[in-house]
1. Quick check: anything in region 86-101 touching a Phe, Trp or Tyr at 6+ places or on another chain (Cβ under 6 Å) and closer than 19 Å to residue 48 by Cα?
2. Scan region 14-37 for residues that are of a type in the set (A, V, I, L, M, F, W, C), in contact (Cβ under 8 Å) with a residue 12 or more places away in the chain and either outside any helix (DSSP H, G or I) or touching a Cys at 6+ places or on another chain (Cβ under 6 Å) (or both) and jot them down.
3. If we keep just the residues of region 21-59 that are of a type in the set (S, T, N, Q) and exposed (fewer than 13 other Cβ atoms within 10 Å of the Cβ), which is nearest to residue 124 (Cα to Cα)?
4. Quick one: is residue 92 free of Cβ contacts under 8 Å to residues at least 24 places away in the same chain, open to solvent by 70 Å² or more (accessible area, probe 1.4 Å) and not in a helix (DSSP H, G or I)?
5. How many residues, within region 102-129, are among the β-branched types (Val, Ile, Thr) and either farther than 18 Å from residue 50 by Cα or open to solvent by less than 40 Å² (accessible area, probe 1.4 Å) (or both)?
6. Confirm whether residue 62 is touching a residue at least 40 places away in the same chain (Cβ under 8 Å), loosely packed, with under 12 Cβ neighbours inside 10 Å and out of contact with any strand residue (DSSP E or B) (no Cβ under 9 Å at 6 or more places or on another chain).
7. Could you check residue 79 against (1) touching a residue at least 24 places away in the same chain (Cβ under 8 Å); (2) touching a Phe, Trp or Tyr at 6+ places or on another chain (Cβ under 9 Å) and say which number it fails?
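The values are calculated or read from the model by the stated rules, or taken from the named source; none is laboratory data. Because the structure is a prediction, the values reported are computed rather than measured. We place every Cβ from the backbone using ideal geometry, glycine too, and count neighbours over all the protein chains shown. Heavy atoms of the whole protein, side chains included, go into the accessibility calculation; ligands, DNA and RNA do not. Shrake-Rupley method; radii C 1.70, N 1.55, O 1.52, S 1.80 Å.
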Amino acid sequence: MESTLIILAVLVVAVLGRANTVALAASLLLVLKLLQVDQYTFPFIEKGGTFWGLVLLIAAILVPLARGTVTLRDLGHVFLSWVGLSAFILSLITTYMSGQGLQYLTVQGHSEVMPALILGAVIAAAFLGGVPVGPFITSGILALLVKLIAKL
């Protein structure tokens, strides 16, 4: 019952903040829970959701390449501007940080920080216009911070 109330609260915050992706995700989980199929579906979502979510996200990003709306010439020109080079370097850094975050949460087993990551993502999506893909990057930054502090 407590978990249902928490997801319901996330849904309310998401709706109030017009964070449609968070509202849709919370609604999906609530429906699965209310249909009492959560014991079958939640493990699948928890285990494979990140992978399949990333597959869909990357596929969406690659569509302009697959469609041909971004050409080899376009790719060459993007690296001739400071904005393109900055985007490339920042993409390297944030993708690396996301990988570190995923490892910190899963392999290293620091899932106890998930409530803080989720709450931050929900509030940022609902009230700051953010997109809740930040928890992996956030946990990657956190993993780096923990490593730095441990060395002091």
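1. Within region 86-101 (the criterion being touching a Phe, Trp or Tyr at 6+ places or on another chain (Cβ under 6 Å) and closer than 19 Å to residue 48 by Cα), the answer is yes, since at least one residue qualifies.
2. 19
3. Ranking the candidates gives 21 first.
4. no
5. Of the residues in region 102-129, 3 are among the β-branched types (Val, Ile, Thr) and either farther than 18 Å from residue 50 by Cα or open to solvent by less than 40 Å² (accessible area, probe 1.4 Å) (or both).
6. No: the conditions fail for residue 62.
7. (1)
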